[in-house]
Amino acid sequence: MSATSWQGAVLIRPGVFAFTGTIGPTDTHAHHAVQLMAARDAMTVVAADDSRGTGTQFVIPADASHRIERGADNGVVVFLDPESAAGHAAQLRARSLGWTSGAPLIPHAADELGLDRLVSAVLETLAPDGEHTAATPRHPAVQHALDLLPELVAGGTVGTADIAARAGLSTSRLTHLFSAQVGLPLRRYALWLRLTLAIAEVAAGRDLTRAAHAAGFSDSAHLTRTCRENFGLAPSALSRNVHWHITHSL
């Protein structure tokens with residue numbers, strides 16, 4: 001992968017990884033996130049069967065092997081966890097309409113919105129009734145779990161049973177409520193927190209080994225593999241020439 005070609009800004013929060021700037025080429029890879037890409041100029045993506053798609057918008061389903069052959073000088077990439085409401089909707093769209101068809105998901109004036117508003121617009125388009133709207137108050141146990149998780153992740157141990165006990169519910173009850181009210185399963189939410197913590201460490205100048213251990217990964221190889229599995233990019237690929245905005249908020 002051409003790491004130096006990626007230059008711009010990144011927003012990462014649970015279930016969402018968004019990038020705006022120069023989209024570079026990649027090697028063939030697959031990741032668990034659903035990938036949305038949009039640019040003013042045409043891009044080219046090559047699928048596992050060597051078929052080429054060219055267009056100004058792509059929705060690439062989770063776990064689909066592909067590579068970016070030609071990126072764009074100014075574009076937007078949004079990775080969504082497929083177990084979120086918006087990610088599930090994007091996954092269904094990619095399977096039913098193909099990778100390059102359908103109405104635009106990313107606003108044409110994306111570079112004028114800022115990443116925070118852009119992500120909100122994408123989520124609203126894909127899942128207008130999704131949990132990210134926070135229309136109803138969360139169960140106190142779910143909120144308690146959300147409050148606990150950043151500290152637990154930083155401590156290196158995140159056990160679902162332990163979180164449930166601290167929140168005062170059974171494991172099955174908490175996991176059900178958490179998925180319904182947060183929009184991500186508890187384990188997936190915890191994984192995104194671990195990734196945000198590790199990437200924050202890398203962005204602050206820590207080496208990959210220290211960043212990995214700080215977020216509960218066994219070593220730098222484990223961190224890099226998990227980043228590639230979720231985003232198709234290694235943490236080192238985005239450690240230079242990228243401005244980071246990292247948040248735990250949904």
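Quick look at the numbers
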item	result
Rounded tilt (10° steps) of 171-182 against the dominant C-alpha axis of the chain	40 degrees
Among Ile12, Ala47, Leu195 - extreme Cα towards positive end, dipole of the chain, charges at beta-carbon	Leu195
Sequence-distant residues sharing a close amide H with Gly216 (under 5 Å, placed H)	none
C-alpha long axis of helix 186-203 to longest principal axis of the chain, angle in °	60 degrees
Mean ellipticity per residue at 222 nm, deg cm²/dmol - from DSSP H runs of n ≥ 4 across the chain, formula -39500 (n - 2.57)	-12500 deg cm²/dmol
J(HN,Hα) series, segment 95-103, from Karplus relation 6.51 cos²θ - 1.76 cosθ + 1.60, nearest Hz, glycine and proline x	6, 8, 9, x, 6, 10, 9, x, 5
Charged-residue dipole, Cβ positions (Lys, Arg, Asp, Glu), the chain about Cα centre, Debye nearest 20	260 debye
Average Cα contact separation per residue, segment 56-189, under 8 Å, 6 or more apart, as relative contact order %	23 percent
The chain: relative contact order in percent, alpha carbon pairs under 8 Å with at least 6 residues between	24 percent
Gained length - Ala165 relative to Gln7, 0.36 nm times residue gap less alpha-carbon distance	52.5 nm
Calculated FRET value between Arg70 and Arg187, using beta carbons and R₀ = 30 Å, to 0.05	0.25
Footprinting exposure proxy for Leu97, Leu169, Leu80, Leu113 (fewest neighbouring C-beta atoms within 10 Å first)	Leu97, Leu113, Leu169, Leu80
DSSP beta bridge pairing in the chain, given as percent antiparallel to the nearest 5	85 percent
Under Karplus coefficients 6.51, -1.76 and 1.60, residue-wise ³J(HN,Hα) of segment 231-237 in Hz, glycine/proline x	10, x, 9, 7, x, 5, 5
Mean Cα-pair separation over length for segment 1-110, i.e. relative contact order, pairs under 8 Å, 6 or more apart, %	29 percent
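Read the figures in this text as sums done on the coordinates, not as results from a lab. Note that the coordinates shown come from a computational prediction; the quantities given were computed from them, not determined experimentally. A quick note on method: Cβ atoms are made from the backbone with ideal geometry, for glycine too, and the neighbour counts reach across all protein chains shown.
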